[in-house]
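Written below as structure tokens is the structure these notes are about.
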Amino acid sequence: MEEMEQERIGRLVDRLENMRKNVAGDGVNRCILCGEQLGMLGSACVVCEDCKKNVCTKCGVETNNRLHSVWLCKICIEQR
């Protein structure tokens, strides 16, 4: 059972590393994940609560904590 769990964790770590390698944007003017232009002429922009990078609303996930809703990029969601 422990061996199966270690394999599962290994797959999750590999998936996270693959996501990090495949970032397409700068996280400032372009979505860190898909590279889409952000701002007035581009997509709506939100800031990831954990990494503080800009992501489009398609690549971000809105979550709720006890006080208010926060946005996280898919990399930070996977990291958590």
Exactly one of Cys76, Cys34 is part of a helix (DSSP H, G or I) and either out of contact with any Leu (no Cβ under 9 Å at 6 or more places or on another chain) or hydroxyl-bearing (Ser, Thr, Tyr) (or both), and that one is Cys76
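Which of the residues that make up region 43-67 are part of a loop (DSSP other than H, G, I, E, B) and not polar (S, T, N, Q)?
To start, the set of residues in region 43-67 that are part of a loop (DSSP other than H, G, I, E, B) comprises 44, 48-53, 57-59, 65-67.
Across region 43-67, the qualifying residues are Ala44, Cys48, Glu49, Asp50, Cys51, Lys52, Lys53, Lys58, Cys59, Arg66, Leu67.
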Looking across region 47-80 at residues that are open to solvent by less than 60 Å² (accessible area, probe 1.4 Å) and aliphatic (A, V, I, L, M), the single one that is farthest from Glu36 (Cα to Cα) is Val70
Val70 vs (1) outside any strand (DSSP E or B); (2) touching a residue at least 12 places away in the same chain (Cβ under 8 Å): all pass except (1)
Only unsatisfied item for Met40, checking (1) more than 13 Å from the chain's Cα centre (by Cα); (2) outside any loop (DSSP other than H, G, I, E, B), is (2)
Going through region 24-62 in order, the residues found to be at pLDDT 90 or above and hydroxyl-bearing (Ser, Thr, Tyr) are Thr57
Within region 23-45, of all residues that are hydrophobic (A, V, I, L, M, F, W, C) and closer than 26 Å to Val13 by Cβ, the one surrounded by the most Cβ atoms within 10 Å (Cβ to Cβ) is Cys31
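The values are calculated or read from the model by the stated rules, or taken from the named source; none is laboratory data. All figures in this text were calculated on a predicted structure; none of them were measured in a lab. Heads up, the Cβs are rebuilt from the backbone with ideal geometry, glycines too, and the neighbour counts pull from every protein chain shown. Quick note on the areas: whole protein, heavy atoms, side chains included, nothing else; ligands and nucleic acids left out. Shrake-Rupley method; radii C 1.70, N 1.55, O 1.52, S 1.80 Å.
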